[in-house]
Amino acid sequence: MPDKSTLKRLAATLVSLLLLAACSSTTQTGSHDFTGVWMREQEVLHDSTIVTYPNERGQSFYKVYSDDGTYYLVYMQRQGDKEHLFPQHTATWEVRDELYIERGDTMDATIHSADSMTVRWQGITETWRRITDSERDRIAEVSRVEMIQQAKDMEAFLLALSRREYAWRMRLFWWAMGAAGIIALAFAIYGWLMRRKKKEIEQRLHEIEQRNLLTPKKVADAQAEVAADFFNSDYYVTLRQRIQDTGRLSSDEWQQMEEALHPVYPCFATTLRSFRLSDVEYQVLLLLKLRIPLKDISTVMCKDASTISSIRSRLYQKVFQKKGGSRDWDDFIATL
């Protein structure tokens, strides 16, 4: 959208066109014929101050009367060695029953001649005269220069606007391309990490399977005896009793549980941590490996039994990349 200064220039151009049309029209002389261009020569204010035009600010006021009952008030402003036209306002006029009516208000107008009149309204007296041919030519020249300048300004404005629009669209395009590139890179990295993680898990599962298959029977029997001794030990019995009585474990007790379980199942902790479990998930599985009943696990972890079951089934799907129940996960934990 053009800014206010541009709109003002366009308005000035429109008024200049109307002014030119009025200046170039042939006016009839008559007692009440105002059609044409009039210049304000003098103004007597309320305090009897007399202002002559052009005034001390270099302003000249012109009233362009159209034959359709409309007039246009414009002023010419001298700035240095140049003059510029600016619109003031537009209103209606008419002569009815020998009375001059402007903007709906009846004014005291005295017609001195075909080219001179005085208008008195609200205590201010204005003297107007119809402009001469030389003045008309000067205004026409200013109008022509103004219109040429306005056209150049508008062309420059539209060009600047198109460049800003193009630059904005290009920035938006490159931002979109950059964002798309970052998203694509993030997905590529995520996919690579997931493939790498899946490969590591598959390798770990293969090692577990091979270890269980290749373990000699004597070694397996010896491991079973070590496990039996642990689950009959005073430490384990005391641990079970404490969990049943209080349902709480301190951080030191969690550490002691892991250390006590290591000689029995040397690969258990290392294998689980390779799956990148959360602390809650690891603690649930630690209690599960210690053969703590599910209701006691729920009490220690302060979670519902359904939540404990959900954790186990979710871990099975996470590790094996397929759906499975909580019992399927328990069977896998038993092999570790």
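The numbers here are math on the coordinates, done by the rules we state, and not lab data. In this text the structure is predicted, and so the values were computed from the model without any measurement. With ideal geometry, Cβ positions are generated from the backbone for all residues, glycine too; neighbour counts draw on all protein chains shown.
General observations
- Residues in the stretch 305-323 reached by a label modelled at D296 [backbone nitrogen below 19 Å; 7 Å Cα→Cβ]: 305-306, 308-309
- Legend: translational diffusion of the stretch 215-334 by Stokes-Einstein, Rh = Kirkwood radius over C-alpha pairs, 20 °C, 1.002 mPa s; D = 141 µm²/s.
- Restricting attention to the stretch 215-334, lysine pairs at least eight places apart or on different chains and with alpha-carbon atoms under 22 angstrom apart total 6.
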